[in-house]
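What follows is a single structure, written as structure tokens, with notes after it.
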Amino acid sequence: MAEQGVDESQRKAAKVVGLAYLLAILPALFAEFYVSGQLIVYDNAAATAQNIMAHERLFRLGIASNLSVFALDVVLITALYVVLKPVSRHLALLAAFWRLIETAIPVVITLNDFDVLRMLSSADYVRVFEADQLQAMARLSIGAHGAGYNVGLVFAGLGSSVFCFLWFKSHYVPRALAALGVFASVLLAARTFAVIILPEVAHVVTIAYYGAPVFVFELTMGVWLLFRDLRPAVGVPPR
């Protein structure tokens, strides 16, 4: 198979991909693990409400961190398309659309987080409800955030699977790294989709099993792309 050179726009886009992967890790972990772990008591709506009102600034920082991740996701998706379009324009476009759906869903459900703050505020218009009713409604909004996040992960896994297949096919990066990406992405999509049908799967395949491979792949891929050049493509049609 003939090798095909990599142009300057692909090289620059690859650096953007690497940087976006690395920049998104800390705010994502902060918002979805630290903030949630500190504030949300999953079987106690009253305790959750009390935690949020006592640490409203932390809750708002979680929202802001999520929004920064979503903005980085759009940059990441655009750069991935630029790098991988020469391998297969149609597959790169499909992957980009799946990833954009993944990003759009949590952007919309972030509005539920603002609903939580309104429900738990001391505004006059919420005083028609009893305190326990407001706490329950706030907890339902938090649950909607989690459900929407999981639906987004299905599309994240689908889009990432296709992008990683294109990485594997192109030889731009080590094939073992691309193969890890395919495995991690398929596992992510399969697990989150399975939970929709069989909720008990969530207790068996926990985040330690389906999240760790994705984390390792994105961290490693980010470092590799940021500090190494793309390899010449193999089997990519000349432009």
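The values are calculated or read from the model by the stated rules, or taken from the named source; none is laboratory data. Since we're looking at a predicted model, the values are computed, not measured. Ideal geometry is used to build each Cβ from the backbone, glycine not excepted, and the neighbour counts take in all protein chains shown. Heads up: the accessible areas ignore ligands, DNA and RNA and are worked out on the full protein's heavy atoms, side chains in. Shrake-Rupley method; radii C 1.70, N 1.55, O 1.52, S 1.80 Å.
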Note to self: Checking Asp43 against (1) under 30 Å from Trp224 (Cβ atoms); (2) surrounded by fewer than 19 Cβ atoms within 10 Å (Cβ to Cβ), only one condition comes out false. Which one?
What the structure shows: (1)
Next item on the list: Give the number of residues within region 142-173 that are farther than 14 Å from Thr103 by Cα and crowded, with 20+ Cβ neighbours inside 10 Å.
Entry: 13
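So which of Ser170, Ser185 is closer than 20 Å to Ala95 by Cα, in contact with a Lys or Arg (Cβ under 9 Å, 6 or more places away or on another chain) and not aromatic (Phe, Trp, Tyr)?
Ser170
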Check: Is it the case that region 85-92 has a residue that's in contact (Cβ under 8 Å) with a residue 12 or more places away in the chain and either of a type in the set (Ser, Thr, Tyr) or open to solvent by 40 Å² or more (accessible area, probe 1.4 Å) (or both)?
Finding: yes
Margin query: Given the options Ala212, Ala189, name the one that is of a type outside the set (Asp, Glu), more than 19 Å from Ala14 (Cα to Cα) and at pLDDT 95 or above.
Written below: Ala189
Item checked: Residue satisfying all of: in region 165-178; in a helix (DSSP H, G or I) and touching a residue at least 40 places away in the same chain (Cβ under 8 Å); farthest from Leu84 (Cα to Cα) among these -> Leu177
Note to self: For region 193-226, which positions are among the polar types (S, T, N, Q) and closer than 20 Å to Leu22 by Cα?
What the structure shows: Thr220
Next item on the list: Would you check which residues across region 114-130 are free of Cβ contacts under 8 Å to residues at least 40 places away in the same chain and within 25 Å of Ala64 (Cα to Cα) and list them?
Entry: Asp115, Arg118, Met119, Ser121, Ser122, Ala123, Val126
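Hey, does region 212-227 have a residue that's of a type in the set (Gly, Ala, Ser), open to solvent by less than 60 Å² (accessible area, probe 1.4 Å) and either part of a loop (DSSP other than H, G, I, E, B) or under 21 Å from Ala24 (Cα atoms) (or both)?
Yes, there is a match, as at least one residue in region 212-227 is of a type in the set (Gly, Ala, Ser), open to solvent by less than 60 Å² (accessible area, probe 1.4 Å) and either part of a loop (DSSP other than H, G, I, E, B) or under 21 Å from Ala24 (Cα atoms) (or both).
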Check: Would you call Leu188 crowded, with 17+ Cβ neighbours inside 10 Å and without any contact (Cβ under 8 Å) to a residue 60 or more places away in the chain?
Finding: yes
Check: When you go through (1) open to solvent by 20 Å² or more (accessible area, probe 1.4 Å); (2) over 30 Å from Ala233 (Cβ atoms); (3) not aliphatic (A, V, I, L, M) one by one for Gly62, which number turns out not to apply?
Finding: (1)
Notebook entry, point to check: Only one of these conditions is not met by Val128: (1) surrounded by fewer than 21 Cβ atoms within 10 Å (Cβ to Cβ); (2) among the aliphatic types (A, V, I, L, M); (3) part of a helix (DSSP H, G or I). Which number is it?
Noted result: (3)
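Name every residue in region 25-75 that is in contact (Cβ under 8 Å) with a residue 60 or more places away in the chain and closer than 30 Å to Val6 by Cα, in order of residue number. Full working, then the answer.
Taking region 25-75 first, the residues in contact (Cβ under 8 Å) with a residue 60 or more places away in the chain are 25, 32, 40, 45-46, 48-49, 52-53, 56.
Within region 25-75, just Ile25 meets the criteria.
Conditions tested, residue by residue: (1) closer than 30 Å to Ile142 by Cβ; (2) under 14 Å from the mean Cα position of the chain (by Cα).
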{"site": "Gly5", "(1), (2)": "no, no"}
{"site": "Glu8", "(1), (2)": "no, no"}
{"site": "Ala13", "(1), (2)": "no, no"}
{"site": "Val16", "(1), (2)": "no, no"}
{"site": "Phe30", "(1), (2)": "yes, yes"}
{"site": "Gly37", "(1), (2)": "yes, no"}
{"site": "Asn44", "(1), (2)": "yes, no"}
{"site": "Thr48", "(1), (2)": "yes, no"}
{"site": "Leu58", "(1), (2)": "yes, no"}
Next item on the list: Give me a count of the residues in region 1-40 that are open to solvent by less than 40 Å² (accessible area, probe 1.4 Å) and hydroxyl-bearing (Ser, Thr, Tyr).
Entry: 2
